[in-house]
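**Student:** Before I ask anything, let me first share the structure, which is written out below as structure tokens.
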Amino acid sequence: MADIALKPECPVGDGMSTVCNPYTGDVVGSVNTVDASAIDSIVARARKGRRSAQAMSRASRAAVLEGAARLLEQRAEFFALLIVNEAGKTITQARKETARAVNTLVLSAAEARRNSGEVVPFDAFPGSENRTGWFTREPLGIIAAITPFNDPLNLVAHKLGPAIAGGNSVILKPSELTPLSAFHLVEMLIEAGLPEEVVTVVNGNAELGAAIVTAREVRMVSFTGGFATGEAIARSAGLKKLAMDLGGNAAVVVMEDADLGTAVESCVSGAFWAAGQNCIGTQRILIAREVYEDFRDAFVARTKQLRVGDPTDERTEVGPMITAAAARTARAKVDTAIANGATLLCGNQPDGSLYAPTVLEGVPADCSIWQEEAFAPVVCLQPFDSFDDALQHANEVDFSLHAGIFTGSLDRALSAAQLLEASGVMINDSSDYRLDAMPFGGFKHGSMGREGVRFAYEEMTQPKVVCINQKDGVR
Ligand code: NAD
């Protein structure tokens, strides 16, 4: 992959670190790495960027975002290969992520033009009849964007797009495992006309991340990543706005009246997409006892057909995990569940960073693989005897993002939409569905704020009221 052995330059940095392909182990690029001691120069650059961003008209912010979207579309295959090489996604999944990132930038441009504020109906209230006015949406200032490894392009676009649309400057720290897509996205925004100081992208470890989130001038931390990191950030950030997009542990309910063929196909994809490294991946499937055996047998048969291996091969359906250590961790959690009484139906064979899609049944509810996010290609099947039972099992965990239900009954679907504790309930779909324009975020422990371009834009801007006291008002 010589054509992707790139050396993105960081504006502040003191040494190069390499990025490795999770499947081959080959070096795919190197990035200038920054130490936490560089925080003052990082913030100084972002301060300059704040002034430049605030000087940009809505038209110029939108033009930059649209220009970057066009460039990304033209270079889609380059970016897809970059995602395969640094994150190990299959080429098919990487192409989908790239197409979504184009859409995220286009949506951000539209938001820059559209969401400028509202008229306030002052005269609707007695005593304010002579007043008229509006509120505008103003930038917060400097936003820290901290991103994870698993969607190294689109999750970065979900932070940069709305932040730039809102007139902010950004300090971006992508995952040190997958920084290349982020650096190239920033380069493309600059090529599209963004003043280069508006985004300060830095590569580094947790200490660097901690220095960024604690910097006093940072007005908001927009974080996507794991619970432990989110909690560490919340403890140290101080007085600033926090957006916490954390993990999930999605349940999908399969009722006795579901179309089982659709449910099996959709749940296999939901469980094993991106090798299970997906915050809305399906982790627990609750199945009506009447159809349990039929569903289980079809699900396991389909899982065994999945082609696991080389992510550059167009036919591969499940690529590697991010590291061999991640595959070993998944195996240890599954072994613990088996030791506690769960039955292994297939999988649980690590081979370097590959980990065979794994299906368990009868997992005790106190096992970590049931209670916590697995973030691995592992799914637990469980029969239930009543709809109430299904809801109770679905909701008995602390962590939640999306959930799903398969049923032919509208009544059941609507009850599930009401009663499943999730921020998105997918009806006749697995939990793994997201549109980049819809509100997206966690529902339970630790989650704060919403992404989805319009919603992130609103989180990243603040209203400012202008009110005119019209002395000679007509009323
Ligand atoms: P992680 O929490 O290990 O790392 C995320 C980022 O935080 C990285 O850039 C890392 O360097 C940085 N970081 C680590 N310690 C820090 C600290 N003390 N202060 C500041 N920054 C710090 O997450 P990961 O393993 O890269 O990603 C997987 C997790 O992300 C999963 O839990 C997954 O569910 C979650 N995720 C959530 C969403 C969502 O939208 N809700 C989307 C994708 C992934």
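The values are calculated or read from the model by the stated rules, or taken from the named source; none is laboratory data. Everything quoted here is computed from the prediction, not taken from an experiment. Counting neighbours? That spans all protein chains shown, and the Cβs are built from the backbone with ideal geometry, glycine included. What goes into the accessible areas is simple: the full protein's heavy atoms, side chains included, and nothing from ligands, DNA or RNA. Shrake-Rupley method; radii C 1.70, N 1.55, O 1.52, S 1.80 Å.
**Student:** Could you state the angle between the C-alpha long axis of helix 410-419 and the longest principal axis of the C-alpha atoms of the chain, as a value from 0 to 90 degrees rounded to the nearest 10?
**Tutor:** Once rounded, one gets 60 degrees.
**Student:** Moving on to the next point. Pick out, in residue order, every one of the GluC sites (Glu not before Pro) in segment 231-323 that is DSSP loop and has at most 11 other C-beta atoms within 10 Å; say none if there are none.
**Tutor:** Glu314
**Student:** So what are the ³J(HN,Hα) numbers for segment 199-209, from phi and the Karplus equation (6.51, -1.76, 1.60; θ = phi - 60°), rounded to whole Hz, Gly and Pro as x?
**Tutor:** Calculated HN-Hα couplings, in order: 10, 9, 9, 10, 9, x, 9, 4, 5, 5, x Hz.
**Student:** Still on this structure: Show that you can apply the helix-only estimate: for the chain, add -39,500 (n - 2.57) for every DSSP H stretch of four or more residues, divide by all residues, and state [θ] at 222 nm to the nearest 500.
**Tutor:** For the chain, the value works out to -12500 deg cm²/dmol.
**Student:** Is the shape of segment 37-85 best called rounded, prolate or oblate, per the rule: a/c under 1.5 gives rounded, else a/b larger than b/c gives prolate, else oblate, with a ≥ b ≥ c the square roots of the Cα gyration tensor eigenvalues? Numbers along the way, then the final one.
**Tutor:** Working: a/c = 6.38, a/b = 1.35, b/c = 4.72.
The shape class here is oblate.
**Student:** Next up: Let me make sure I get this right: for the chain, a, b and c are the square roots of the gyration tensor eigenvalues over alpha carbons, sorted descending. Under 1.5 in a/c it's rounded, otherwise prolate if a/b > b/c, else oblate. Which is it?
**Tutor:** Details: a/c = 2.07, a/b = 1.32, b/c = 1.56.
Oblate, since a/c reaches 1.5 and b/c is not below a/b.
**Student:** Under the classification rounded if a/c is under 1.5, otherwise prolate if a/b is larger than b/c and oblate if not, where does segment 128-175 fall, given a ≥ b ≥ c as square roots of the Cα gyration tensor eigenvalues?
**Tutor:** The shape class here is prolate.
**Student:** Something else now. Please state the charge dipole magnitude for segment 260-391, taken about the Cα centre, from unit charges on C-beta atoms (+1 on K and R, -1 on D and E), reported in debye and rounded to the nearest 20.
**Tutor:** On the way: 10 positive and 18 negative charges, 78 e Å.
Rounded to the nearest 20 debye, it is 380 debye.
**Student:** Still on this model: Can you tell me the orientation of helix 227-236 relative to the chain, as the angle in degrees between its alpha-carbon axis and the longest Cα principal axis, to the nearest 10?
**Tutor:** 30
**Student:** Report, in debye and to the nearest 20, how large the dipole of segment 60-174 comes out about its Cα centre when Lys and Arg carry +1 and Asp and Glu carry -1 on their Cβ.
**Tutor:** 300
**Student:** Top to bottom by accessible area (1.4 Å), largest first, where do His158, His184 land? Please report the intermediate quantities before stating the final value.
**Tutor:** Details: His158 0, His184 25 Å².
Accessible-area ranking of His158, His184, largest first: His184, His158.
**Student:** For the chain, give the share of DSSP beta bridges that are antiparallel, in percent and rounded to the nearest 5; count only bridges with both residues there.
**Tutor:** Counting only bridges with both partners in the chain, antiparallel ones make up about 40 percent.
**Student:** What is the percent carbon and sulfur in the accessible area of the chain, measuring with a 1.4 Å probe over the protein chains and ignoring ligands?
**Tutor:** Details: 9700 of 18990 Å².
That fraction is 51 percent.
**Student:** Let me ask another. Out of Ile171, Gly446, Pro311, whose Cα points farthest toward the positive end of the dipole of the chain (charges: +1 Lys, Arg; -1 Asp, Glu; placed on Cβ)?
**Tutor:** Highest projection toward the positive end goes to Ile171.
**Student:** Give the percent of DSSP beta bridges with both residues in segment 250-427 that are antiparallel, rounded to the nearest 5. Intermediate values should be presented prior to the final figure.
**Tutor:** On the way: 5 of 27 bridges.
Taking every DSSP beta bridge with both residues in segment 250-427, the antiparallel ones total about 20 percent.
**Student:** Here's a follow-up. Could you give the angle, 0 to 90 degrees to the nearest 10, between helix 58-74's Cα long axis and the longest principal axis of the Cα atoms of the chain?
**Tutor:** 40
**Student:** Rank-order 419-425, 334-340, 106-112, 324-330 by packing density, defined as the average count of other C-beta atoms within 10 Å over each peptide's residues, highest first.
**Tutor:** Per-residue mean Cβ counts within 10 Å order the peptides as 106-112, 419-425, 324-330, 334-340.
**Student:** Using θ = phi - 60° and the Karplus curve 6.51 cos²θ - 1.76 cosθ + 1.60, what whole-Hz ³J(HN,Hα) does each residue of segment 19-36 get, with Gly and Pro shown as x?
**Tutor:** 10, 10, 6, x, 8, 8, x, 5, 6, 10, x, 9, 9, 4, 9, 10, 9, 4
**Student:** Here is a follow-up. Excluding residues on the same chain fewer than 8 positions from Lys48, give the aspartates and glutamates whose Cα lies under 14 Å from its Cα.
**Tutor:** Lys48 reaches Asp40, Glu196, Glu197, Glu217.
**Student:** Counting Lys and Arg as +1 and Asp and Glu as -1, each charge on the Cβ, what is the dipole of segment 189-287 about the Cα centre in debye, to the nearest 20?
**Tutor:** Charge dipole of segment 189-287: 540 debye, to the nearest 20.
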